[in-house]
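Okay, so here's the structure we're looking at.
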Amino acid sequence: MAEDILSFGDVVVAFGALRAVDGVTMSVPHGERRAIIGPNGAGKTTLMRVISGLIRPTAGTLVMEGVDLATTPAHRIVELGVAHVPESRRLFPRMTVEDNLRMGGFVPSARPKFHRQLEVVYELFPRMRERRHQLAGSMSGGEQQMCAIGRALMSEPKLLLLDEPSAGLAPVLVEQVFQLVDRIRASGLTVLIVEQNVQQVLRVVDRAYLLKTGHIQTAGRAADLLASDSIRAAYLGV
């Protein structure tokens, strides 16, 4: 059984009296694809921001390979091997695709490997090679999502966080994004996805956690959750 790359212990995130995350305990083993699913306002994006150091937990433990992320600065978390693709992508629209990718390789450990990693990204996303001199803001939503994921991969991360990667994309592009998750995971990279497109994401991950009002309501193998009558009724509309 693979060791955990990341583990949460009773994590709480409170904003005043509101507990956006309320006692979450979960783990992500090396090399696995895991998803956090659930309705809007469940605390999914907050959890991702806690991992990448953008928000500090109010209580609980958050450990990556023996390092306490709860007290680690965000830039250091990137250096530890965490790459976060936020919802809405957050590209630099007036910069070229290649310059956006270059920004992803800024961590000291990644700089000597820039050209090699750029080739890895271009092999994974041939469209980005074609568009490398184009302004990122002039591309389609699907191409921008590819660029955002490629930028994250430039740091050669151990753990890739994808926050709503299918948001705002046409169905055919959603399919392409989830196919890319399969290809990325084949390289041994650990992937944690937050996603509202429950049916699609459960087809590409190993296990999933259903988050509701800050609590993990249920967890299990993706195939089992996909077959669950209660999940199907609540989230798949069947």
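When residue 22 is tested against (1) modelled with pLDDT of 90 or more; (2) among the charged types (D, E, K, R); (3) not in a strand (DSSP E or B), only condition (3) is not met.
Residue pairs whose Cβ atoms lie under 8 Å apart, sitting 6 or more positions apart in sequence or on different chains, and linking a residue in region 77-97 that is under 20 Å from residue 142 (Cβ atoms) to a partner that is modelled with pLDDT of 95 or more and of a type in the set (Val, Ile, Thr), are 84/51. Taking into account only those residues within region 1-37 that are among the small types (Gly, Ala, Ser) and in contact with a helix residue (DSSP H, G or I) (Cβ under 8 Å, 6 or more places away or on another chain), which is farthest from residue 217 (Cα to Cα)? Filtering first and then ranking leaves 31. Could you say whether any residue in region 82-103 is among the aromatic types (Phe, Trp, Tyr) and either in contact with a strand residue (DSSP E or B) (Cβ under 7 Å, 6 or more places away or on another chain) or under 13 Å from residue 155 (Cβ atoms) (or both)? No, there is no match, as no residue in region 82-103 is among the aromatic types (Phe, Trp, Tyr) and either in contact with a strand residue (DSSP E or B) (Cβ under 7 Å, 6 or more places away or on another chain) or under 13 Å from residue 155 (Cβ atoms) (or both). So is residue 10 more than 20 Å from residue 166 (Cα to Cα) and either buried (at least 17 other Cβ atoms within 10 Å of the Cβ) or out of contact with any strand residue (DSSP E or B) (no Cβ under 8 Å at 6 or more places or on another chain) (or both) or not? No, not satisfied.
The set of residues in region 185-205 that are out of contact with any Leu (no Cβ under 6 Å at 6 or more places or on another chain), in a loop (DSSP other than H, G, I, E, B) and crowded, with 16+ Cβ neighbours inside 10 Å comprises 195, 196, 197, 204, 205. Of all residues in region 123-137, those being surrounded by 13 or more Cβ atoms within 10 Å (Cβ to Cβ) and among the small types (Gly, Ala, Ser) number 1. If the condition is being assigned to a loop (DSSP other than H, G, I, E, B) and modelled with pLDDT under 90, then region 214-236 contributes only 228.
The criterion of at least 1 residues that are surrounded by fewer than 21 Cβ atoms within 10 Å (Cβ to Cβ) and hydrophobic (A, V, I, L, M, F, W, C) is met, among helices (runs of 4 or more DSSP H) falling completely within region 35-122, by 74-80, 97-104. Checking the structure you have, find out if any residue of region 142-161 is modelled with pLDDT of 80 or more and on the phi > 0 side of the Ramachandran plot. Within region 142-161 (the criterion being modelled with pLDDT of 80 or more and on the phi > 0 side of the Ramachandran plot), the answer is yes, since at least one residue qualifies.
Entry remark, region 77-97: residues being more than 24 Å from residue 168 (Cβ to Cβ) and out of contact with any helix residue (DSSP H, G or I) (no Cβ under 7 Å at 6 or more places or on another chain) number 4 in total.
The values are calculated or read from the model by the stated rules, or taken from the named source; none is laboratory data. None of the values given here were measured: they were computed from a predicted structure. Cβ coordinates were reconstructed from backbone atoms using ideal geometry, including for glycine residues, and neighbour counts include every protein chain displayed.
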